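Visitor: What follows is a single structure, and I will ask about it in a moment.
The values are calculated or read from the model by the stated rules, or taken from the named source; none is laboratory data. Computed from a predicted model, the values in this text were never measured in an experiment. When we count neighbours, we look across all protein chains shown, and the Cβ atoms used for this are built from the backbone with ideal geometry, even at glycine.
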Amino acid sequence: MKTKKVEQGTLLVLLLMAVIYPFLSDRYMLSVGISVLLMALLGQSWNIMSGYAGQFSFGHAAFFGLGAYASSILYVDHGVSPWIGMIAGMAVAALVGVLIGFLSFRYKLRGDFFALVTLAFAEILRVLFNNTKALKAATGILIPYKDVWSEFQFANDRIFYFILLAMVIAATIFIGLMSRRKFGVCLIAIKENQEAAGSLGVPVLKYKLLAMAISAAIAAMAGTFYAQYYGFIDPTVVFSAAISVEAIVPCIIGGAGTLGGPLLGALIIVPLKELSNNLFEGVNGVNMIIYGVLIVLFVVFCRDGIYGTVIRRLKGARS
Amino acid sequence: MSLQGLQSLLDGILMGGVYALAALGLSLIFGVLKITNFAHGAMMTVGMYVVFALGNDLGLNPYLALPFAMVLMFLIGFLIQRFPIHYIEHAPTHNQLLLTLGMAYILENVLLVIFTPNYQTLTVKGFEKAWRIGSLTFAPAKLIAFGVVIIVTGCVYYLLYMTNTGKSIRASAQNETGAKLMGINVRNIRAIAFGIGAVCTGIAGGLLTPIMSIYPTLGETFQLKCFVITVLGGMGNLWGALVSGLIIGVVESLSGYYLGGSWSEMVIYGIFILILFLRPTGLFGRGNRREN
Amino acid sequence: METLKVIDVCKSFQGNVAVDHASLDVKEGEITGLIGANGAGKTTLFNCISGYYHATSGKVIYKDQEVQHKTAEKLCHMGMARTFQIAKPFGMLSVLDNVAVGGYNKANSRTQAYEFAEQSLDLVGLIDKKENLAQLLNTGEQRKLELARALATQPEVLLLDEVMAGLTPTESREMVELIDKINKTGITILMIEHIMPVIMKLSHYIYVMERGKMIAEGIPVEVANNPKVIESYLGKGLEVE
Ligand SMILES: Nc1ncnc2c1ncn2[C@@H]1O[C@H](COP(=O)(O)OP(=O)(O)OP(=O)(O)O)[C@@H](O)[C@H]1O
Ligand SMILES: [Mg+2]
């Protein structure tokens, strides 16, 4: 019960901060806020499949990129509103997620091998998009600028911010509801011991695939947002390993398999990266060194992440 | 096969040798430590830059710079295993994967800070002209690289199969508890194994410096190729890694020649996925299938 | 009437035969015992019955259907539940949630799943610990948790793999009573057990396995006096109360 209170308290504080923030910040600060939320959304997406269901993905860029490309191609080539494109992208990503999952689970791949498969799929998509003329190949896609809300475009970045915030809130509420219901509890059971879960009647394959589909769809949603907000995508960016890592890191820092972990993780990392960027202006790479050091430190000393460790302590878990 | 085809076959074999050496290191690390080393590509890049820096700033011949790269790589590998990885040995597998990923970021970006993100090329005297044998041409650096690969691989095998250290390494790969009972200092042995793996990839990197322009994130490309090769050969199967290295080198070169360069990556990743699904123990079936 | 029939089941691992043409019948409402030395193949046979492994050959008939190709999930829905010899708690879930995972098997709602969970926790005597994380339980409690989870699936047939292992004498006495009680509620039981007095007391009928084969069967007294069984259990002090 104490745990529940702490969880709700933290989330409420985070929500309050997130709502007030855009009114106190200038253009630059707002863009930092959007980076935080984008990473939080990617983190929540990864959290479902890998944090809760325990299927370690190293290729979330595949879903992110599919989302970005689906909505952008539909918009630029066929004039379909990116709002609808986003739904299409989510569906495509979910399908690809299910396909990857089905093949992997059918061939009983687990652990590192599963991670490698997801990585390989992301890379294949990158190469495929990079070399296919019909998909604009390496030139990428420039989203023509208009200020029309029905086409997911806004002159005011604050609106972008609040739309992304709504997405993060929706994902978080979904996970919150899920974690107290059959689906969520069974996902954790699958993560802890798949065989035992199966022999208690948990539909293991179905649930794992469902988790992948939902996770992929959320990543695709983030992809569409990225395309609309930044206005330009190309395969080396949206299908890059860096994106896959952006999905993982907030969960590691905050705590995978917890409701607030990825949010807190994103809130810590992005500002830190910005800070080091400003501090070491002109020197490339320092921010990424800090990134690397953080990953190493957290994996070695705080494996459950900040939020995750607190929750574990509250629940009285063994350290 | 046309002359051009033959030429790319040969080129593929020569590059395949370098891949094989890097993959040998990866496979060794996996076999002994059960770690999927995501820092492997970055370690390779460190090897590249050591050779580059010594050659560019001190004018040292790249092949004389290799020993320096070896020492540095051994230290890096030894220390990574001895400290961070050692402390999370019993953590779930993905933690080790993440840790090596963090190390990769650190290594790559330290290089970036020191050497800038620009492409850099080391010109070696006497290597400007390709050597010709009949109507086939050879980049001298590639030919020498292949020779060095053969020598280094020989040394690694000697070390693993003929020396006591090597026997301890193989013993702890097969049965850690047994090795401990036999009085082997498993902790150091594992660190040495990681060191040797790092040396292999470092040398492979160093050998590439005279062949191509380098930049700090170049290793990422090779990282994935190394995964493909080790999985194809069977994770932990050293002979498998060597043979698969040559196979992937040839496949890359030939598919590049017949289908166009950009598609060769596609072919390689396709092979990767197929092998992961259909034969995750590798072509030769002796690799470890890791389940957690 | 047999709820469960195992006919000529074989299971081998890379050429090593673990179960070799084993057959057995489990009668509805009874407790059937399965005994045998370490490595005899009892757990492997259990795994073949419960869908954890698929038998290399042979048939498993459950409720008049061939089920040797069905998955563990499917069999659980059909009313067959099992416990594992090595307890497999979901460490980071609370005890109640652990059991609720089983409860969902037959429940139509979340409330009902948790009702089932509370009932079985109550039955095994673990209700006081329901808020605890499962990883904090001791060995005896983990066994009870295994049992509670299996019970929460509302099984008709329950397969128990050495539920007494690692229990203190008091705990095992309670466990014997508990198993008897569960059986009296109409649940058919097939149990593997090493502790002879326990199995002799509880079972209506006993099968004996050795090196993958069934070497004897009968009511407890018959089995206890069977020369082959005495031979393979030499020195183990067979006794029937
Ligand atoms: N997954 C497996 N792979 C290979 N061999 C196995 C596997 N599972 C069991 N075996 C082998 O099958 C034989 C029977 O094992 P099993 O666990 O069924 O015995 P048991 O009768 O349950 O013994 P115990 O009383 O010790 O639990 C053993 O020799 C064991 O080594
Ligand atoms: Mg057993």
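Visitor: Would you point out which residue out of A:Thr224, A:Thr236 is in a helix (DSSP H, G or I) and modelled with pLDDT under 95?
Guide: Residue meeting the stated conditions: A:Thr236.
Visitor: So, in the stretch A:278-319, of the ones that are among the polar types (S, T, N, Q) and farther than 20 Å from C:Ala134 by Cα, which residue ends up surrounded by the most Cβ atoms within 10 Å (Cβ to Cβ)?
Guide: Per the stated criteria, the residue is A:Asn287.
Visitor: Filter the stretch A:128-147 for residues that are touching a residue at least 24 places away in the same chain (Cβ under 8 Å), within 16 Å of A:Phe239 (Cα to Cα) and among the β-branched types (Val, Ile, Thr) and give the result.
Guide: A:Thr139, A:Ile141, listed by residue number.
Visitor: Still on this structure, I have one more. Taking C:Glu193 and the conditions (1) free of Cβ contacts under 8 Å to residues at least 60 places away in the same chain; (2) within 16 Å of ligand 2 (Cβ to nearest atom), which numbered condition does it fall short on, given that it satisfies the others?
Guide: Here C:Glu193 clears every test but (1).
Visitor: Moving to a separate point now. Considering only residues that are over 23 Å from A:Gln228 (Cα atoms) and of a type in the set (Val, Ile, Thr), look in the stretch A:85-131 and name the one that is nearest to the chain's Cα centre (by Cα).
Guide: Ranking the candidates gives A:Thr118 first.
Visitor: Going by what's in this entry, would C:Ile86 be described as within 24 Å of C:Arg143 (Cβ to Cβ), within 15 Å of ligand 1 (Cβ to nearest atom), free of Cβ contacts under 8 Å to residues at least 24 places away in the same chain and of a type outside the set (Lys, Arg)?
Guide: yes
Visitor: Looking at (1) among the charged types (D, E, K, R); (2) in contact (Cβ under 8 Å) with a residue 24 or more places away in the chain; (3) over 25 Å from A:Ala241 (Cα atoms), find the lone condition where B:Glu128 falls short.
Guide: (2)
Visitor: Report yes if B:Gly147 is without any contact (Cβ under 8 Å) to a residue 40 or more places away in the chain and at positive phi, otherwise no.
Guide: no
Visitor: Checking the conditions here, which among C:Leu159, C:Leu190, C:Leu147 is within 14 Å of another protein chain (Cβ to nearest Cβ), within 15 Å of ligand 1 (Cβ to nearest atom) and either assigned to a loop (DSSP other than H, G, I, E, B) or of a type outside the set (Ser, Thr, Tyr) (or both)?
Guide: Within the list C:Leu159, C:Leu190, C:Leu147, the selection yields C:Leu159.
Visitor: Output the residues belonging to the stretch C:12-31 that are under 8 Å from C:Thr188 (Cβ atoms) and of a type in the set (D, E, K, R).
Guide: Within the stretch C:12-31, C:Lys27, C:Glu28, C:Glu30 qualify.
Visitor: Can you spot a residue in the stretch C:102-118 that is among the β-branched types (Val, Ile, Thr) and more than 12 Å from chain A (Cβ to nearest Cβ)?
Guide: no
Visitor: Working only within the stretch A:122-150, note down all residues that are aromatic (Phe, Trp, Tyr) and within 25 Å of B:Ile273 (Cα to Cα).
Guide: Selection gives A:Phe129 alone.
Visitor: Among the helices (runs of 4 or more DSSP H) lying completely within the stretch A:96-213, list those that include at least 1 residues that are at negative phi and among the β-branched types (Val, Ile, Thr).
Guide: Filter on the stretch A:96-213 gives A:111-131, A:157-180, A:182-192.
Visitor: Moving to a separate point now. Looking only at the stretch B:80-93, decide whether some residue is at pLDDT below 95 and touching a Phe, Trp or Tyr at 6+ places or on another chain (Cβ under 6 Å).
Guide: Yes.
Visitor: Turning to a different aspect of this structure: Quickly run through the stretch A:155-204 and pick out the residues that are under 13 Å from A:Leu259 (Cα atoms) and more than 11 Å from chain C (Cβ to nearest Cβ).
Guide: Once the filter is applied, which keeps residues that are under 13 Å from A:Leu259 (Cα atoms) and more than 11 Å from chain C (Cβ to nearest Cβ), the stretch A:155-204 yields A:Val168, A:Ile169, A:Ala170, A:Ala171, A:Thr172, A:Ile173, A:Phe174, A:Ile175, A:Gly176, A:Leu177, A:Met178.
Visitor: Continuing with the same structure: Given the residues B:Phe146, B:Phe127, which is the only one that is closer than 24 Å to B:Leu60 by Cβ, modelled with pLDDT under 85 and surrounded by 11 or more Cβ atoms within 10 Å (Cβ to Cβ)?
Guide: B:Phe127
Visitor: Which residue pairs have Cβ atoms under 7 Å apart, sit 6 or more places apart or on different chains, and have a first residue in the stretch B:78-105 that is without any contact (Cβ under 8 Å) to a residue 60 or more places away in the chain and polar (S, T, N, Q) and a second that is in a loop (DSSP other than H, G, I, E, B) and surrounded by fewer than 24 Cβ atoms within 10 Å (Cβ to Cβ)?
Guide: Listed pairs, sorted by first residue: B:Asn95/A:Arg303; B:Asn95/B:Ile88.
Visitor: Within the stretch B:158-173, can one find any residue that is farther than 20 Å from B:Phe30 by Cβ, touching a residue at least 24 places away in the same chain (Cβ under 8 Å), more than 14 Å from chain A (Cβ to nearest Cβ) and surrounded by 19 or more Cβ atoms within 10 Å (Cβ to Cβ)?
Guide: No, the stretch B:158-173 has no match at all.
Visitor: Could you please find all residues in the stretch C:36-55 being more than 9 Å from ligand 1 (Cβ to nearest atom) and away from chain A (no Cβ under 14 Å)?
Guide: Of everything in the stretch C:36-55, just one residue is more than 9 Å from ligand 1 (Cβ to nearest atom) and away from chain A (no Cβ under 14 Å), namely C:Ala55.
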